[in-house]
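The values are calculated or read from the model by the stated rules, or taken from the named source; none is laboratory data. Since the model is a prediction, treat every value here as computed from it, not as a measurement. Don't worry about glycine lacking a Cβ; one is built from the backbone with ideal geometry, like all the others, and counts go over all protein chains shown.
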Amino acid sequence: MPEDFVVTPWEVTGEVDYDELMRRFGTQAVDDALMARIKKHTGDLHPLLERGLFFSHRDMNWILDEYEKGNKFALYTGRGPSSGIHIGHMVPWIFTRWLQEKFRVPLWFQITDDEKFWFRDFEKLEESNKIAYDNILDLIAIGFDPKLTKIFIDTEYIRHLYPLAAQIAKRVTFSTAKAVFGFDESFNIGQIFYTALQSVPCFLPSVDAGKNVPVLIPCGIDQDPHFRVTRDLAERLGYYKPAGLYNKLMPGLLGLQSKMSTSRPETAIFATDTEKAMRKKIANAFTGGRASVEEQRRLGANPDICSVFAYYTYLFAPKDDYLADVERTCRSGERLCGDCKKELADHVAKFLATHQERREKARDRIEEFVIRD
Ligand code: TYM
């Protein structure tokens, strides 16, 4: 029996069985019918959707029902500023940007400096607030539309957030928080309260508009437990339940069972990595290669267990025929891991160079995006 896995908003361990996870969380699979329905509005499908990486949802059909009736949704997603951004974090944001562009809908982007202060060993709240501003540069670099995007940091927008947080907190018992998140008596009470804050932006677009607005949350499936809590109380507060569209978690460089992790920098490529550091990490990545070149030429390699191939699939082979070619030459033994890593590193180098240039330019644009009390 494979080792069990754990997925919570704060911990992902083991090799995740995503079908089993959907069963545990009670989310639906993104199927062909849903993809066809999305494509009717977007004209094409983003590779992250087509390749099954945005694989699961809650109430996406309802979001489209409302949209087709002329009731536009708002997007909501977020970031917990604990460190620099890695490429895995960008997966939901690149996709969110695509949704924003295709549906022309507003995006509410929450940055939870309070959360990371409560959950990490920051001595001072200012530490996570400082990282928040650094992370905002990456968000702006992703290319969200400033006219349609509001970014807010919890501690700087709390007067707007708190009335909803108070109403939500009253409807979540300690026993629910324990059951959903696994808290015990040793957790600080900020941690226990926090889920109320992450729920707030599910209703904020409605408060802002003065009428109920459907909200769609594109994000990693690890965040779903928060929104399960939100959905249970939404209607009691007079709002719609938020819908979700969830991505799988991009694995770390050291094997598919390792999530890309900030606390283990060798597993992740960061938005601000130098080309040299990035190339070194990719050179050390885990692959599905054979013990010797001779054996690999003869038997081929295995992309199904390979971190490098996963990187191509998520972000670095936007064209399907190119991805198919990487896979075919890998399985046949024509492609060797060293060359394949170098080819990936060339793509990543281009991606990082563009991102880092946009990131520098973003320094003067923060005020176009950030809203405060
Ligand atoms: P955070 O900062 O841990 O993660 C930000 C977003 O990145 C996703 N993610 C990944 N996606 C693909 N591959 C990975 N390896 C990977 N690692 C992380 C997360 O699922 C998330 O979508 N509490 C939240 C902040 C938050 C939020 C939200 C997130 C507040 N409101 C609404 C999503 C939606 C957090 O700490 O995310």
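GLU11 passes all but one of (1) away from the ligand (no atom under 16 Å from the Cβ); (2) of a type in the set (Asp, Glu); (3) loosely packed, with under 13 Cβ neighbours inside 10 Å; which number fails?
GLU11 satisfies every listed condition except (1).
Each row is one residue, and each column tells you yes or no for (1) out of contact with any Leu (no Cβ under 8 Å at 6 or more places or on another chain); (2) under 22 Å from ALA243 (Cα atoms).
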residue	(1), (2)
ILE111	yes, yes
GLU123	yes, no
VAL172	no, yes
SER199	no, yes
ASP222	no, yes
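Would you mind finding the one in GLY80, GLY143, GLY84, GLY88 that is of a type in the set (Gly, Ala, Ser), modelled with pLDDT of 95 or more and farther than 28 Å from GLU266 by Cβ?
The conditions single out GLY143.
What number of residues within the stretch 1-37 are of a type in the set (D, E, K, R) and under 26 Å from THR267 (Cα atoms)?
7
Can you name every one of the helices (runs of 4 or more DSSP H) wholly within the stretch 279-373 that holds 2 or more residues which are modelled with pLDDT of 95 or more and among the β-branched types (Val, Ile, Thr)?
The helices (runs of 4 or more DSSP H) meeting that bar are 320-332, 337-362.
Does PHE174 count as within 20 Å of the chain's Cα centre (by Cα) and either more than 14 Å from ARG231 (Cα to Cα) or more than 13 Å from the ligand (Cβ to nearest atom) (or both)?
It is false that PHE174 is within 20 Å of the chain's Cα centre (by Cα) and either more than 14 Å from ARG231 (Cα to Cα) or more than 13 Å from the ligand (Cβ to nearest atom) (or both).
Which count do you get for residues in the stretch 57-82 that are away from the ligand (no atom under 14 Å from the Cβ) and in a loop (DSSP other than H, G, I, E, B)?
Selection size over the stretch 57-82: 6.
Give just the number: which of (1) buried (at least 19 other Cβ atoms within 10 Å of the Cβ); (2) within 14 Å of the ligand (Cβ to nearest atom); (3) under 30 Å from LYS130 (Cα atoms) does PHE54 not satisfy?
Answer for PHE54: the failing condition is (3).
For the stretch 2-50, please list each of the helices (runs of 4 or more DSSP H) lying entirely inside it that holds at least 2 residues being basic (Lys, Arg) and modelled with pLDDT of 95 or more.
So the answer is 18-25, 32-42.
When you look at GLY255, is it more than 8 Å from the ligand (Cβ to nearest atom) and modelled with pLDDT of 95 or more, yes or no?
It is false that GLY255 is more than 8 Å from the ligand (Cβ to nearest atom) and modelled with pLDDT of 95 or more.
Among the residues of the stretch 99-139 satisfying the criterion of being aromatic (Phe, Trp, Tyr) and touching a strand residue (DSSP E or B) at 6+ places or on another chain (Cβ under 9 Å), which is farthest from GLN191 (Cα to Cα)?
PHE103
Take the residues in the stretch 267-278 that are outside any loop (DSSP other than H, G, I, E, B) and free of Cβ contacts under 8 Å to residues at least 12 places away in the same chain, then tell me which one is nearest to ILE131 (Cα to Cα).
Here the answer is ALA277.
Quick one: in the stretch 103-137, which of the residues that are in contact with a helix residue (DSSP H, G or I) (Cβ under 6 Å, 6 or more places away or on another chain), touching a residue at least 40 places away in the same chain (Cβ under 8 Å) and charged (D, E, K, R) is surrounded by the fewest Cβ atoms within 10 Å (Cβ to Cβ)?
ASP114
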